[in-house]
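To keep things clear, I will list the structure first and then write my remarks on it.
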Amino acid sequence: MRPNLKLARIGRECVACGCCASVCPRQAIRIAGGVIARVDPALCVGCGKCAAVCPAAVITIEAREVQA
Amino acid sequence: MKQKHWYDYLWIGELAYLVLGLFNILFAWLGMLFFTIPLLVALFGGSKAYCNRYCGRGQLLNLLGKKLSRNQPPPRFLRSRWFRYGFLTFFMVMFGRMLYQTYQVFAGMPLRQAVTLLWVFRLPWQWPDVSMASPWAAQYAYGVFSIMLTSTLLGFVTMLLFRPRSWCVYCPMGTMTQGICQLKHRKEDLVHGDGAESPADR
Ligand code: SF4
Ligand code: SF4
Ligand code: SF4
C-alpha cells in the first residue's frame, strides 16, 4: 500500500536545533518539548532532506518495519 | 518554496548588530537580547522556539552555509555531552571573568578598550570614543562584543568545515536552553505521572 518504505530516525544525541523540521517538505518533524526532534511516521516519506542538514548528524534513514 | 515569515529575516538583525558594534561599542549591549530571550523562552515556554525559529545567528549561518559550507557531517565528539557541556562551562567561566573585569572598572580601574577574539587575540580596530557612557558600561560592552565576535568566528569556521549550522550543536545558548527544557519536562513527568512518553524516547 505505502509507496514510502523508508523513515527518518532521530538519534539520542539530537540537540533540538530544529534544522530538520524547517526543511522537511512534509512537516513531519516537531521538536518535542525543546528536548528532541520527533518524526511522525504517518507523514514522513523518507526523503532524507532532514538527515542532510542535521548539524549533529544524528538522523538516519531506515527501512520501515513491516506493519502487521 | 516555503512561505516566508517575518521571523525568517531576523538574520538581518544579527548582521546589523555585528556592524553597529564596530561603529559604537555601546551597541554591544543589545547582545543581552540574544542571551536573555532564549533563556526566558526556555524557562517560561519550555521550548527551544528561539533556536527553532527566531535565532538570527542560526539563520545567518544557514544562509552563508548554502554557498560556503563543505556540508560534511561533523566529528562525533562535537555532539557528545562532555564536549557540549564542557564548552558551556568554559563559556560561563569566561563570562564570569568578563563580569569581574566590568566590576573592576566599576571600582575604579582604567577601561580596557579592546575586543579580544578567542579570548586572546586583540582585534586591531580603533573604536570610536564612548566617554559619554560610564566606564563600566563601556567595559561591559567590550566584553559582550568580544564574546559575540568570538562565537561568530567559531560558528563561521565550523559552518565552513562541517554543516551550515554546526555551531548550533555546541552553542552555549542552545545547550543551556535544551538543558532547561530537559529539567522542566522531567519535572512535569513527575507531576503528571505519565512517564509513558518521555521526550527522550524514540
Ligand atoms: S525523511 Fe523527509 S519526510 Fe521524513 S522527516 Fe526527514 S525530511 Fe521529513
Ligand atoms: S537537525 Fe538534528 S540535531 Fe537538530 S533537531 Fe533535527 S535531529 Fe535534532
Ligand atoms: S543553538 Fe545557538 S546559534 Fe543555534 S539557533 Fe540556538 S541560539 Fe541560535
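The values are calculated or read from the model by the stated rules, or taken from the named source; none is laboratory data. As the structure is a computational prediction, the values presented were derived from the model and not from experiment. Cβ atoms come from the backbone with ideal geometry, glycine included; neighbour counts cover every protein chain shown. Note: accessible area is taken over every heavy atom of the protein model, side chains too, but ligands, DNA and RNA are not part of it. Shrake-Rupley method; radii C 1.70, N 1.55, O 1.52, S 1.80 Å.
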Under 5 Å, built H, 5+ apart or other chain: amide partners of residue A:59: A:11
Evaluated at q = 0.15 Å⁻¹: base-10 log I(q)/I(0), Debye formula over Cα of region B:43-118: -0.92
Of all accessible heavy-atom area on region B:38-91, the percent that carbon and sulfur account for (1.4 Å): 65 percent
Fraction in percent of alpha-carbon pairs per bin - 5 Å, region B:6-201: 1, 7, 13, 17, 19, 16, 12, 8, 4, 2, 1, 0
FRET efficiency, residue B:134 to residue A:42 (Cβ-Cβ, R0 41 Å, nearest 0.05): 0.10
Ellipsoid semi-axes in whole angstrom, largest first, where each is sqrt(5λ) of the Cα gyration tensor of region A:6-59: 15, 12, 10
For residue A:30, distant residues with modelled amide H under 5 Å away: A:38, A:40
Cysteines, chain B, no other Cys beta-carbon under 4.7 Å: B:51, B:55, B:171, B:181
Electrostatic dipole magnitude of region A:6-59 [Cβ: Lys, Arg +1; Asp, Glu -1; Cα centre; debye, to 20]: 120 debye
Inter-chain Cβ neighbour average for residues B:53-63, partner chain, 10 Å: 2
Size of electric dipole in the protein assembly as shown: Cβ of Lys, Arg +1 and of Asp, Glu -1, about Cα centre, debye, nearest 20: 740 debye
10 Å Cβ neighbours from other chains, averaged over peptide B:72-85: 3
Size of the A/B contact, given as accessible area buried on both chains, probe 1.4 Å, in Å²: 2300 Å²
With all protein chains modelled, accessible area of residue A:40 [1.4 Å, Å²]: 60 Å²
Vicinal HN-Hα couplings computed from phi for region B:49-57 (Karplus, 6.51 cos²θ - 1.76 cosθ + 1.60; Hz; Gly/Pro x): 4, 4, 5, 5, 9, 9, 7, x, 5
Lys/Arg +1, Asp/Glu -1 at C-beta; the protein assembly as shown dipole; positive extreme among A:60, B:147, A:31: A:60
Under the Karplus curve 6.51 cos²θ - 1.76 cosθ + 1.60, θ = phi - 60°, whole-Hz ³J(HN,Hα) for region B:76-90, x wherever Gly or Pro sits: 4, 4, 4, 9, 6, 4, 5, 5, 5, 6, x, 5, 4, 4, 4
³J(HN,Hα), Karplus 6.51/-1.76/1.60, whole Hz, each residue of region B:12-26, x for Gly, Pro: 5, x, 4, 5, 4, 4, 5, 6, 4, x, 5, 8, 8, 4, 5
Amide H contacts under 5 Å for residue B:48, placed H, 5+ residues apart: A:34
Chain B: relative contact order in percent, alpha carbon pairs under 8 Å with at least 6 residues between: 33 percent
Magnitude of the charge dipole, chain B, Cβ model with Lys/Arg +1 and Asp/Glu -1, debye to 20: 680 debye
Rg/Rg_ref, the protein assembly as shown, where Rg_ref = 2.2 N^0.38 Å and atoms are Cα: 1.11
